[in-house]
Amino acid sequence: MAGTEVENGGNKELKEETSLGLTYRKAENFDEWYSEVVVSAELIEHYDISGLYILRPLAVEIWETLQAFFDSEIKKMKVENCYFPTFVLESHLKKEEDHYNGFSQEVAWVTKSGKSDLETHLALRPSSETIMYSYFSKWIRGHRDLPLKLNQWCNAVRWAVGDPTPFIRSREFLWQEGHSAFATEDEAHAEALEILELYRRIYEEYLAVPVIKGTKSEVDTFGGAIYTNTVEAFIPNTGCGIQGATTHCLGQKFASKFELNFEDKKGDKAMVWQNSWGYSTRTIGVTVMVHGDDKGLVLPPKVASTQVIVIPVPYKDADTQEVYDTCKTTVNMLCEAKIRAELDSRDYLSLERKSSEWEMKGVPLRIEIGSNDLADEQVCVVQRHNGAKMGIAANADLVEEIKKMLNNIQQNMFDVAKRKQDECIQVIQTWDEFVEALHQRKIILAPWCDDKVVELDVKEKTENEMGAVKILCSPFDQPKLLEGTKCFASGKPAKKWTYWGRSY
Ligand code: 87F
(Lines give C-alpha, C1' and ligand atoms only; values in the text may rest on other atoms or scores of the structure.)
Protein backbone atom coordinates (compact mmCIF):
# COMPACT_ATOMS: atom_id res chain seq x y z
CA MET A 1 0.00 0.00 0.00
CA ALA A 2 2.91 2.30 0.69
CA GLY A 3 3.27 5.10 -1.80
CA THR A 4 0.77 3.92 -4.40
CA GLU A 5 -0.33 6.79 -6.52
CA VAL A 6 -4.02 7.23 -7.11
CA GLU A 7 -5.87 9.53 -9.46
CA ASN A 8 -8.05 11.92 -7.56
CA GLY A 9 -10.10 14.32 -9.66
CA GLY A 10 -7.18 15.06 -11.93
CA ASN A 11 -4.81 15.57 -9.01
CA LYS A 12 -2.33 12.85 -8.29
CA GLU A 13 -2.24 12.19 -4.64
CA LEU A 14 -0.23 9.80 -2.58
CA LYS A 15 -2.59 7.23 -1.07
CA GLU A 16 -0.39 7.03 1.98
CA GLU A 17 -1.30 10.60 2.82
CA THR A 18 -5.00 9.75 3.05
CA SER A 19 -6.76 7.69 5.67
CA LEU A 20 -6.78 3.97 4.90
CA GLY A 21 -10.35 2.90 5.49
CA LEU A 22 -12.19 -0.22 4.43
CA THR A 23 -14.34 -0.58 1.33
CA TYR A 24 -16.96 -2.76 3.03
CA ARG A 25 -19.02 -2.13 6.13
CA LYS A 26 -19.43 -4.74 8.81
CA ALA A 27 -23.18 -4.23 9.10
CA GLU A 28 -23.76 -4.31 5.33
CA ASN A 29 -21.38 -6.84 3.77
CA PHE A 30 -20.12 -8.91 6.66
CA ASP A 31 -18.25 -11.57 4.65
CA GLU A 32 -16.46 -9.07 2.43
CA TRP A 33 -15.75 -6.87 5.43
CA TYR A 34 -14.10 -9.81 7.20
CA SER A 35 -12.01 -10.78 4.18
CA GLU A 36 -10.86 -7.20 3.82
CA VAL A 37 -10.05 -6.64 7.50
CA VAL A 38 -7.83 -9.68 7.94
CA VAL A 39 -5.68 -8.56 5.00
CA SER A 40 -5.71 -4.79 5.61
CA ALA A 41 -4.87 -5.21 9.29
CA GLU A 42 -1.94 -7.38 8.18
CA LEU A 43 -3.08 -10.47 10.03
CA ILE A 44 -2.82 -12.61 6.92
CA GLU A 45 -1.68 -12.54 3.33
CA HIS A 46 -3.29 -14.68 0.66
CA TYR A 47 -1.25 -17.59 -0.63
CA ASP A 48 -0.96 -19.14 -4.09
CA ILE A 49 -3.05 -22.13 -3.02
CA SER A 50 -6.70 -21.62 -2.20
CA GLY A 51 -7.60 -22.16 1.45
CA LEU A 52 -4.05 -21.60 2.68
CA TYR A 53 -2.96 -18.33 4.25
CA ILE A 54 0.25 -16.74 5.41
CA LEU A 55 0.02 -15.75 9.07
CA ARG A 56 1.75 -12.43 9.48
CA PRO A 57 3.47 -11.32 12.71
CA LEU A 58 0.36 -9.59 14.10
CA ALA A 59 -1.56 -12.88 13.99
CA VAL A 60 1.32 -14.97 15.29
CA GLU A 61 1.79 -12.61 18.23
CA ILE A 62 -1.83 -13.12 19.27
CA TRP A 63 -1.39 -16.87 18.88
CA GLU A 64 1.76 -16.80 21.02
CA THR A 65 -0.03 -14.97 23.83
CA LEU A 66 -2.80 -17.57 23.90
CA GLN A 67 -0.20 -20.30 23.65
CA ALA A 68 1.82 -18.95 26.61
CA PHE A 69 -1.29 -18.88 28.81
CA PHE A 70 -2.57 -22.31 27.86
CA ASP A 71 0.82 -23.99 27.87
CA SER A 72 1.57 -22.86 31.42
CA GLU A 73 -1.91 -23.90 32.62
CA ILE A 74 -1.70 -27.42 31.20
CA LYS A 75 1.78 -27.84 32.64
CA LYS A 76 0.24 -27.15 36.05
CA MET A 77 -2.03 -30.09 35.25
CA LYS A 78 1.05 -32.22 34.53
CA VAL A 79 0.41 -32.39 30.80
CA GLU A 80 3.70 -32.80 28.89
CA ASN A 81 4.51 -31.46 25.45
CA CYS A 82 5.70 -33.79 22.72
CA TYR A 83 5.89 -33.86 18.92
CA PHE A 84 4.71 -36.60 16.58
CA PRO A 85 5.38 -36.61 12.82
CA THR A 86 2.98 -34.96 10.37
CA PHE A 87 2.59 -38.11 8.28
CA VAL A 88 0.34 -41.03 9.09
CA LEU A 89 0.04 -44.45 7.51
CA GLU A 90 -3.19 -45.22 5.72
CA SER A 91 -3.64 -48.38 7.77
CA HIS A 92 -3.34 -46.48 11.07
CA LEU A 93 -5.68 -43.72 10.01
CA LYS A 94 -8.36 -46.25 9.17
CA LYS A 95 -8.10 -48.20 12.41
CA GLU A 96 -11.01 -46.48 14.14
CA GLU A 97 -13.72 -46.54 11.46
CA ASP A 98 -16.28 -44.20 13.03
CA HIS A 99 -13.53 -41.66 13.24
CA TYR A 100 -12.22 -42.19 9.73
CA ASN A 101 -15.54 -42.40 7.91
CA GLY A 102 -16.65 -39.06 9.29
CA PHE A 103 -13.65 -37.24 7.87
CA SER A 104 -12.15 -39.25 5.02
CA GLN A 105 -13.19 -36.66 2.43
CA GLU A 106 -10.91 -34.08 3.99
CA VAL A 107 -7.72 -36.09 4.24
CA ALA A 108 -4.80 -34.94 2.06
CA TRP A 109 -2.37 -37.60 0.81
CA VAL A 110 1.24 -37.82 -0.25
CA THR A 111 1.45 -40.47 -2.96
CA LYS A 112 4.78 -39.81 -4.68
CA SER A 113 8.41 -39.15 -3.94
CA GLY A 114 10.06 -37.59 -6.94
CA LYS A 115 8.85 -39.55 -9.95
CA SER A 116 8.12 -42.82 -8.21
CA ASP A 117 4.85 -43.78 -6.58
CA LEU A 118 5.01 -44.46 -2.88
CA GLU A 119 4.26 -48.03 -1.95
CA THR A 120 2.18 -46.91 1.01
CA HIS A 121 0.34 -43.62 0.82
CA LEU A 122 0.89 -41.17 3.62
CA ALA A 123 -1.76 -38.84 4.99
CA LEU A 124 -1.01 -35.40 6.39
CA ARG A 125 -2.34 -35.33 9.94
CA PRO A 126 -5.88 -34.05 10.15
CA SER A 127 -5.71 -34.85 13.87
CA SER A 128 -3.32 -37.19 15.67
CA GLU A 129 -5.44 -39.75 17.52
CA THR A 130 -4.45 -42.51 15.15
CA ILE A 131 -0.83 -41.37 15.00
CA MET A 132 -0.31 -41.25 18.74
CA TYR A 133 -2.32 -44.14 20.07
CA SER A 134 -0.25 -46.88 18.40
CA TYR A 135 2.60 -45.64 20.57
CA PHE A 136 0.48 -45.19 23.67
CA SER A 137 0.01 -48.96 23.60
CA LYS A 138 3.77 -49.36 23.75
CA TRP A 139 4.20 -46.91 26.62
CA ILE A 140 1.30 -48.00 28.79
CA ARG A 141 1.91 -51.31 30.56
CA GLY A 142 0.81 -50.98 34.16
CA HIS A 143 -1.24 -48.55 36.28
CA ARG A 144 1.97 -46.72 37.16
CA ASP A 145 2.24 -45.55 33.56
CA LEU A 146 -1.06 -43.71 33.97
CA PRO A 147 -2.25 -41.10 33.58
CA LEU A 148 -0.45 -40.35 30.34
CA LYS A 149 -1.12 -36.75 29.35
CA LEU A 150 0.48 -35.42 26.19
CA ASN A 151 0.02 -32.27 24.17
CA GLN A 152 1.51 -31.03 20.94
CA TRP A 153 1.61 -27.60 19.35
CA CYS A 154 1.51 -28.20 15.62
CA ASN A 155 -0.32 -27.75 12.34
CA ALA A 156 -3.13 -29.90 10.99
CA VAL A 157 -4.35 -30.30 7.43
CA ARG A 158 -7.99 -30.73 6.39
CA TRP A 159 -8.50 -30.43 2.68
CA ALA A 160 -12.12 -29.33 2.74
CA VAL A 161 -13.90 -28.37 -0.46
CA GLY A 162 -16.18 -25.37 -0.33
CA ASP A 163 -15.64 -21.84 0.86
CA PRO A 164 -12.47 -21.40 2.87
CA THR A 165 -12.30 -18.48 5.29
CA PRO A 166 -9.06 -17.24 6.87
CA PHE A 167 -8.67 -18.54 10.46
CA ILE A 168 -12.22 -19.91 10.49
CA ARG A 169 -11.95 -22.63 7.87
CA SER A 170 -8.51 -23.00 6.31
CA ARG A 171 -6.93 -26.10 4.86
CA GLU A 172 -4.00 -25.89 7.20
CA PHE A 173 -4.17 -24.40 10.68
CA LEU A 174 -2.17 -24.19 13.88
CA TRP A 175 -3.55 -25.74 17.02
CA GLN A 176 -2.72 -27.63 20.12
CA GLU A 177 -3.97 -31.16 20.43
CA GLY A 178 -4.04 -32.81 23.81
CA HIS A 179 -4.35 -36.58 24.22
CA SER A 180 -4.65 -38.33 27.53
CA ALA A 181 -5.18 -41.81 28.90
CA PHE A 182 -6.45 -42.60 32.40
CA ALA A 183 -7.01 -45.66 34.54
CA THR A 184 -10.51 -44.54 35.45
CA GLU A 185 -13.49 -43.07 33.66
CA ASP A 186 -13.98 -40.39 36.33
CA GLU A 187 -10.53 -38.93 35.76
CA ALA A 188 -11.31 -38.60 32.05
CA HIS A 189 -14.60 -36.76 32.71
CA ALA A 190 -12.88 -34.43 35.18
CA GLU A 191 -10.08 -33.55 32.75
CA ALA A 192 -12.53 -32.88 29.93
CA LEU A 193 -14.19 -30.25 32.13
CA GLU A 194 -10.97 -28.77 33.42
CA ILE A 195 -9.63 -28.21 29.90
CA LEU A 196 -12.96 -26.78 28.75
CA GLU A 197 -12.68 -24.21 31.53
CA LEU A 198 -9.26 -23.18 30.15
CA TYR A 199 -10.86 -22.75 26.73
CA ARG A 200 -13.55 -20.56 28.28
CA ARG A 201 -10.82 -18.45 29.87
CA ILE A 202 -8.99 -18.09 26.54
CA TYR A 203 -12.14 -16.68 24.95
CA GLU A 204 -13.54 -14.68 27.83
CA GLU A 205 -10.46 -13.47 29.70
CA TYR A 206 -8.06 -13.03 26.80
CA LEU A 207 -10.16 -12.47 23.70
CA ALA A 208 -13.09 -10.76 25.50
CA VAL A 209 -15.45 -13.06 23.61
CA PRO A 210 -18.32 -14.57 25.64
CA VAL A 211 -18.84 -18.27 25.08
CA ILE A 212 -21.35 -20.88 26.16
CA LYS A 213 -20.15 -24.18 27.53
CA GLY A 214 -22.15 -27.18 26.50
CA THR A 215 -22.36 -30.62 24.96
CA LYS A 216 -22.60 -31.31 21.24
CA SER A 217 -25.59 -33.26 19.99
CA GLU A 218 -25.11 -36.82 18.77
CA VAL A 219 -24.94 -35.57 15.17
CA ASP A 220 -21.93 -33.37 15.93
CA THR A 221 -20.18 -35.58 18.45
CA PHE A 222 -16.73 -36.55 17.18
CA GLY A 223 -17.00 -40.06 15.70
CA GLY A 224 -14.37 -41.50 17.99
CA ALA A 225 -15.89 -39.97 21.13
CA ILE A 226 -18.64 -40.86 23.60
CA TYR A 227 -19.39 -37.17 24.04
CA THR A 228 -18.00 -33.85 22.87
CA ASN A 229 -17.90 -30.71 25.02
CA THR A 230 -17.66 -27.34 23.35
CA VAL A 231 -17.31 -23.64 23.99
CA GLU A 232 -19.61 -21.97 21.46
CA ALA A 233 -19.24 -18.36 20.40
CA PHE A 234 -21.82 -16.30 18.50
CA ILE A 235 -21.35 -13.84 15.70
CA PRO A 236 -24.20 -11.34 16.16
CA ASN A 237 -23.84 -9.80 12.67
CA THR A 238 -24.58 -13.06 10.89
CA GLY A 239 -26.59 -14.75 13.63
CA CYS A 240 -24.26 -17.73 13.35
CA GLY A 241 -22.78 -19.88 16.05
CA ILE A 242 -19.19 -21.05 15.89
CA GLN A 243 -17.48 -23.90 17.69
CA GLY A 244 -14.66 -22.28 19.63
CA ALA A 245 -12.81 -25.32 20.99
CA THR A 246 -13.67 -28.86 22.01
CA THR A 247 -12.84 -31.54 24.53
CA HIS A 248 -13.81 -35.08 23.61
CA CYS A 249 -14.26 -37.92 26.01
CA LEU A 250 -13.19 -40.83 23.85
CA GLY A 251 -14.30 -43.42 26.38
CA GLN A 252 -12.68 -46.70 25.34
CA LYS A 253 -13.45 -46.43 21.61
CA PHE A 254 -9.88 -45.87 20.48
CA ALA A 255 -8.49 -47.88 23.39
CA SER A 256 -10.17 -51.04 22.18
CA LYS A 257 -8.95 -50.56 18.57
CA PHE A 258 -5.40 -49.69 19.60
CA GLU A 259 -5.29 -52.24 22.43
CA LEU A 260 -4.53 -49.72 25.13
CA ASN A 261 -4.55 -52.20 27.99
CA PHE A 262 -2.80 -52.10 31.34
CA GLU A 263 -2.48 -54.12 34.49
CA ASP A 264 -4.50 -52.41 37.22
CA LYS A 265 -3.69 -52.22 40.94
CA LYS A 266 -5.26 -55.61 41.58
CA GLY A 267 -3.20 -57.18 38.81
CA ASP A 268 -6.19 -57.48 36.48
CA LYS A 269 -6.13 -56.55 32.82
CA ALA A 270 -7.96 -53.26 32.20
CA MET A 271 -8.47 -50.80 29.36
CA VAL A 272 -7.66 -47.07 29.55
CA TRP A 273 -10.14 -44.18 29.32
CA GLN A 274 -9.16 -41.39 26.96
CA ASN A 275 -9.73 -37.75 26.07
CA SER A 276 -8.57 -35.54 23.26
CA TRP A 277 -8.92 -31.79 23.13
CA GLY A 278 -7.92 -28.85 20.97
CA TYR A 279 -8.24 -25.20 20.07
CA SER A 280 -6.84 -23.58 16.97
CA THR A 281 -6.02 -20.30 15.24
CA ARG A 282 -9.79 -20.10 14.65
CA THR A 283 -9.76 -18.18 17.97
CA ILE A 284 -8.22 -15.24 16.09
CA GLY A 285 -10.95 -15.23 13.44
CA VAL A 286 -13.69 -15.25 16.05
CA THR A 287 -12.07 -12.27 17.77
CA VAL A 288 -11.92 -10.31 14.52
CA MET A 289 -15.57 -11.09 13.79
CA VAL A 290 -16.83 -10.18 17.25
CA HIS A 291 -14.86 -6.99 17.93
CA GLY A 292 -13.82 -5.59 14.56
CA ASP A 293 -15.51 -2.46 13.17
CA ASP A 294 -15.56 -0.27 10.08
CA LYS A 295 -12.12 1.10 10.90
CA GLY A 296 -10.62 -2.37 11.10
CA LEU A 297 -9.42 -4.66 13.83
CA VAL A 298 -10.16 -4.00 17.52
CA LEU A 299 -7.86 -5.99 19.78
CA PRO A 300 -8.47 -6.69 23.45
CA PRO A 301 -5.48 -5.25 25.37
CA LYS A 302 -4.47 -8.64 26.79
CA VAL A 303 -3.65 -10.05 23.35
CA ALA A 304 -2.56 -6.87 21.58
CA SER A 305 1.15 -7.08 20.85
CA THR A 306 1.18 -3.27 20.83
CA GLN A 307 -1.13 -1.97 23.55
CA VAL A 308 -0.26 1.72 23.29
CA ILE A 309 1.03 3.59 20.29
CA VAL A 310 2.56 6.99 21.00
CA ILE A 311 2.47 9.51 18.17
CA PRO A 312 4.33 12.83 18.21
CA VAL A 313 2.33 15.69 16.69
CA PRO A 314 4.90 18.33 15.79
CA TYR A 315 3.84 21.73 14.50
CA LYS A 316 6.05 23.63 12.10
CA ASP A 317 7.15 26.50 14.33
CA ALA A 318 7.01 24.74 17.64
CA ASP A 319 9.78 22.95 19.48
CA THR A 320 9.75 19.59 17.70
CA GLN A 321 12.61 18.15 19.69
CA GLU A 322 10.78 18.54 22.97
CA VAL A 323 7.70 16.81 21.55
CA TYR A 324 9.81 13.83 20.39
CA ASP A 325 11.68 13.66 23.68
CA THR A 326 8.44 13.62 25.67
CA CYS A 327 7.10 10.87 23.45
CA LYS A 328 10.20 8.78 23.97
CA THR A 329 10.13 9.28 27.74
CA THR A 330 6.46 8.32 27.78
CA VAL A 331 7.11 5.12 25.83
CA ASN A 332 10.00 4.21 28.13
CA MET A 333 7.92 4.83 31.23
CA LEU A 334 5.12 2.63 29.92
CA CYS A 335 7.48 -0.14 28.83
CA GLU A 336 9.17 -0.16 32.24
CA ALA A 337 5.75 -0.81 33.74
CA LYS A 338 5.37 -3.80 31.36
CA ILE A 339 2.89 -2.02 29.14
CA ARG A 340 3.55 -2.88 25.50
CA ALA A 341 4.05 0.65 24.16
CA GLU A 342 5.68 1.81 20.95
CA LEU A 343 6.70 5.08 19.38
CA ASP A 344 5.62 5.92 15.85
CA SER A 345 8.49 8.18 14.89
CA ARG A 346 7.90 8.12 11.13
CA ASP A 347 8.17 11.77 10.13
CA TYR A 348 7.03 11.23 6.55
CA LEU A 349 3.45 10.35 7.47
CA SER A 350 0.63 12.60 8.62
CA LEU A 351 -1.06 12.14 11.98
CA GLU A 352 -4.24 11.17 10.19
CA ARG A 353 -2.54 8.47 8.18
CA LYS A 354 -0.72 7.08 11.20
CA SER A 355 -3.88 7.08 13.27
CA SER A 356 -5.89 5.15 10.74
CA GLU A 357 -3.09 2.65 10.32
CA TRP A 358 -3.02 1.90 14.06
CA GLU A 359 -6.79 1.86 14.14
CA MET A 360 -6.77 -0.68 11.32
CA LYS A 361 -4.37 -2.83 13.35
CA GLY A 362 -6.61 -2.63 16.38
CA VAL A 363 -4.15 -1.06 18.85
CA PRO A 364 -6.23 -0.41 22.00
CA LEU A 365 -4.80 3.00 22.96
CA ARG A 366 -3.27 5.84 21.00
CA ILE A 367 -1.44 8.65 22.76
CA GLU A 368 -0.92 11.85 20.80
CA ILE A 369 1.49 14.44 22.11
CA GLY A 370 1.82 17.90 20.53
CA SER A 371 3.31 21.24 21.56
CA ASN A 372 0.00 22.39 23.03
CA ASP A 373 -0.14 19.29 25.18
CA LEU A 374 3.34 20.05 26.48
CA ALA A 375 2.21 23.51 27.49
CA ASP A 376 -0.88 22.05 29.19
CA GLU A 377 1.19 19.28 30.78
CA GLN A 378 -1.10 16.61 29.41
CA VAL A 379 -1.29 13.95 26.72
CA CYS A 380 -4.23 13.13 24.46
CA VAL A 381 -5.44 9.53 24.72
CA VAL A 382 -7.77 7.87 22.19
CA GLN A 383 -9.44 4.53 22.87
CA ARG A 384 -9.74 2.25 19.86
CA HIS A 385 -12.83 0.28 20.91
CA ASN A 386 -15.16 3.26 21.39
CA GLY A 387 -13.32 6.22 19.87
CA ALA A 388 -13.36 8.14 23.18
CA LYS A 389 -10.71 10.87 23.34
CA MET A 390 -9.48 12.55 26.51
CA GLY A 391 -6.66 14.56 28.02
CA ILE A 392 -4.68 12.93 30.80
CA ALA A 393 -2.22 14.72 33.08
CA ALA A 394 1.34 13.98 32.03
CA ASN A 395 2.62 13.35 35.53
CA ALA A 396 3.75 10.42 37.66
CA ASP A 397 0.24 8.95 37.62
CA LEU A 398 0.18 8.53 33.86
CA VAL A 399 1.36 4.92 33.91
CA GLU A 400 -1.26 3.92 36.45
CA GLU A 401 -3.94 5.74 34.47
CA ILE A 402 -3.01 3.89 31.30
CA LYS A 403 -2.95 0.56 33.13
CA LYS A 404 -6.41 1.24 34.49
CA MET A 405 -7.65 2.21 31.06
CA LEU A 406 -6.33 -0.98 29.48
CA ASN A 407 -8.04 -3.07 32.14
CA ASN A 408 -11.28 -1.17 31.66
CA ILE A 409 -11.11 -1.59 27.89
CA GLN A 410 -10.64 -5.34 28.31
CA GLN A 411 -13.67 -5.54 30.61
CA ASN A 412 -15.74 -3.14 28.53
CA MET A 413 -15.11 -5.06 25.31
CA PHE A 414 -16.30 -8.24 27.02
CA ASP A 415 -19.38 -6.50 28.46
CA VAL A 416 -20.38 -5.04 25.09
CA ALA A 417 -19.87 -8.39 23.35
CA LYS A 418 -21.86 -10.15 26.09
CA ARG A 419 -24.73 -7.68 25.76
CA LYS A 420 -24.79 -8.20 21.99
CA GLN A 421 -24.75 -11.95 22.49
CA ASP A 422 -27.64 -11.77 24.97
CA GLU A 423 -29.64 -9.63 22.52
CA CYS A 424 -29.01 -12.23 19.87
CA ILE A 425 -30.52 -15.12 21.83
CA GLN A 426 -34.22 -15.87 21.59
CA VAL A 427 -36.02 -18.36 23.84
CA ILE A 428 -38.80 -20.16 21.96
CA GLN A 429 -41.35 -22.90 22.56
CA THR A 430 -42.97 -23.64 19.20
CA TRP A 431 -42.01 -24.27 15.57
CA ASP A 432 -43.60 -20.98 14.44
CA GLU A 433 -41.61 -19.03 16.98
CA PHE A 434 -38.51 -20.91 15.84
CA VAL A 435 -38.98 -19.93 12.19
CA GLU A 436 -39.74 -16.33 13.13
CA ALA A 437 -36.60 -16.09 15.30
CA LEU A 438 -34.47 -17.57 12.53
CA HIS A 439 -35.64 -14.91 10.12
CA GLN A 440 -34.44 -12.36 12.65
CA ARG A 441 -31.01 -14.00 12.62
CA LYS A 442 -31.32 -15.09 16.20
CA ILE A 443 -29.61 -17.89 18.03
CA ILE A 444 -32.39 -19.97 19.48
CA LEU A 445 -32.73 -21.58 22.88
CA ALA A 446 -35.43 -24.23 22.64
CA PRO A 447 -36.76 -27.24 24.53
CA TRP A 448 -35.76 -30.41 22.68
CA CYS A 449 -36.63 -34.10 22.81
CA ASP A 450 -32.99 -35.16 22.32
CA ASP A 451 -33.78 -37.29 19.27
CA LYS A 452 -31.18 -37.37 16.50
CA VAL A 453 -33.84 -37.90 13.81
CA VAL A 454 -35.57 -34.68 14.87
CA GLU A 455 -32.34 -32.69 14.63
CA LEU A 456 -31.69 -34.03 11.12
CA ASP A 457 -35.28 -33.24 10.17
CA VAL A 458 -34.91 -29.62 11.34
CA LYS A 459 -31.65 -29.38 9.40
CA GLU A 460 -33.39 -30.55 6.24
CA LYS A 461 -36.44 -28.34 6.65
CA THR A 462 -34.34 -25.21 7.08
CA GLU A 463 -31.81 -26.01 4.35
CA ASN A 464 -33.29 -24.04 1.47
CA GLU A 465 -34.63 -21.04 3.22
CA MET A 466 -31.66 -19.73 5.15
CA GLY A 467 -28.89 -22.28 5.34
CA ALA A 468 -29.20 -25.41 7.44
CA VAL A 469 -29.89 -24.89 11.10
CA LYS A 470 -28.35 -27.26 13.59
CA ILE A 471 -27.79 -27.74 17.25
CA LEU A 472 -24.91 -25.64 18.53
CA CYS A 473 -24.90 -27.22 21.97
CA SER A 474 -26.96 -28.16 24.98
CA PRO A 475 -25.69 -25.73 27.61
CA PHE A 476 -24.31 -27.06 30.89
CA ASP A 477 -26.19 -24.20 32.48
CA GLN A 478 -29.75 -25.47 31.84
CA PRO A 479 -32.74 -23.22 32.48
CA LYS A 480 -35.49 -24.99 34.44
CA LEU A 481 -37.47 -27.34 32.25
CA LEU A 482 -41.08 -27.14 33.42
CA GLU A 483 -43.10 -30.32 33.74
CA GLY A 484 -44.97 -31.04 30.50
CA THR A 485 -42.72 -28.91 28.24
CA LYS A 486 -42.77 -30.18 24.67
CA CYS A 487 -40.04 -30.29 22.04
CA PHE A 488 -40.49 -27.31 19.68
CA ALA A 489 -39.93 -29.50 16.63
CA SER A 490 -41.46 -32.91 17.39
CA GLY A 491 -44.04 -32.18 20.08
CA LYS A 492 -42.61 -35.06 22.08
CA PRO A 493 -41.72 -34.48 25.74
CA ALA A 494 -38.68 -32.16 25.95
CA LYS A 495 -35.59 -33.51 27.69
CA LYS A 496 -33.32 -30.48 27.67
CA TRP A 497 -32.81 -26.90 26.54
CA THR A 498 -30.65 -26.65 23.43
CA TYR A 499 -29.14 -23.84 21.36
CA TRP A 500 -29.94 -23.91 17.63
CA GLY A 501 -28.62 -21.78 14.83
CA ARG A 502 -26.73 -21.63 11.61
CA SER A 503 -23.08 -22.30 12.12
CA TYR A 504 -19.65 -21.76 10.61
C1 87F B 1 -10.88 -34.08 9.41
C2 87F B 1 -10.20 -35.06 8.69
C3 87F B 1 -9.71 -36.16 9.34
C4 87F B 1 -11.91 -33.44 12.78
C5 87F B 1 -11.05 -34.23 10.76
O6 87F B 1 -11.24 -31.91 18.04
C7 87F B 1 -9.86 -36.33 10.69
C8 87F B 1 -10.52 -35.35 11.43
O9 87F B 1 -10.26 -36.41 13.50
C10 87F B 1 -10.72 -35.45 12.84
N11 87F B 1 -11.73 -33.29 11.47
N12 87F B 1 -11.42 -34.49 13.47
C13 87F B 1 -11.70 -34.57 14.89
C14 87F B 1 -10.63 -34.06 15.75
C15 87F B 1 -10.87 -34.51 17.13
C16 87F B 1 -10.00 -33.90 18.18
N17 87F B 1 -8.62 -34.23 18.02
C18 87F B 1 -7.72 -33.65 18.97
C19 87F B 1 -10.21 -32.45 18.37
C20 87F B 1 -9.22 -31.69 19.14
C21 87F B 1 -7.81 -32.18 19.03
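The values are calculated or read from the model by the stated rules, or taken from the named source; none is laboratory data. Predicted model only: the values in this text are computed from it and were never measured. All Cβ positions, glycine included, derive from the backbone under ideal geometry; neighbour counts span all protein chains shown.
For the range 152-179, which residues satisfy the criterion of being within 11 Å of the ligand (Cβ to nearest atom) and touching a helix residue (DSSP H, G or I) at 6+ places or on another chain (Cβ under 6 Å)?
Residues satisfying the conditions are Arg158, Trp159, Ala160, His179.
With the condition being within 30 Å of Leu207 (Cβ to Cβ), of a type outside the set (S, T, N, Q) and at pLDDT 95 or above, I'd like the strands (runs of 3 or more DSSP E) fully within the range 1-116 carrying at least 3 qualifying residues. Outline the logic, then answer.
Numbers: elements: 5-8, 11-14, 44-46, 53-55, 87-89, 109-113.
Once the strands (runs of 3 or more DSSP E) in the range 1-116 are filtered for at least 3 residues that are within 30 Å of Leu207 (Cβ to Cβ), of a type outside the set (S, T, N, Q) and at pLDDT 95 or above, what remains is 44-46, 53-55.
Checking Thr326 against (1) touching a Pro at 6+ places or on another chain (Cβ under 6 Å); (2) over 30 Å from Ile44 (Cβ atoms); (3) buried (at least 18 other Cβ atoms within 10 Å of the Cβ): exactly one of these is not met. Which one?
Checking Thr326 against (1) touching a Pro at 6+ places or on another chain (Cβ under 6 Å); (2) over 30 Å from Ile44 (Cβ atoms); (3) buried (at least 18 other Cβ atoms within 10 Å of the Cβ), the one that fails is (1).
Do any residues in the range 479-492 that are surrounded by 12 or more Cβ atoms within 10 Å (Cβ to Cβ) have Cβ atoms under 8 Å from those of residues that are of a type outside the set (Asp, Glu) and modelled with pLDDT under 95, where the two are at least six apart or on different chains, and which pairs are they?
Every condition considered, no pair remains.
Looking at Ile284, Ile309, Ile339, which is the one that is of a type in the set (A, V, I, L, M) and out of contact with any Lys or Arg (no Cβ under 9 Å at 6 or more places or on another chain)? Can you show your working first?
Details: Ile309 fails: out of contact with any Lys or Arg (no Cβ under 9 Å at 6 or more places or on another chain); Ile339 fails: out of contact with any Lys or Arg (no Cβ under 9 Å at 6 or more places or on another chain).
Going through Ile284, Ile309, Ile339 in turn, the sole match is Ile284.
Go through the range 99-123 and give me each residue that's under 18 Å from Val219 (Cβ atoms) and of a type in the set (S, T, N, Q).
Asn101, Ser104, Gln105, listed by residue number.
Taking only the range 217-267 into account, find how many residues are more than 11 Å from the ligand (Cβ to nearest atom), assigned to a loop (DSSP other than H, G, I, E, B) and either within 16 Å of Glu185 (Cβ to Cβ) or acidic (Asp, Glu) (or both).
So the count comes out to 6.
Name, by its number, the condition in (1) under 24 Å from Lys302 (Cα atoms); (2) free of Cβ contacts under 8 Å to residues at least 60 places away in the same chain that does not hold for Arg158.
The number of the failed condition is (1).
Restricting the range 438-478 to residues that are under 20 Å from Ile242 (Cβ atoms) and polar (S, T, N, Q), which is surrounded by the fewest Cβ atoms within 10 Å (Cβ to Cβ)?
Residue satisfying both the conditions and the ranking: Gln440.
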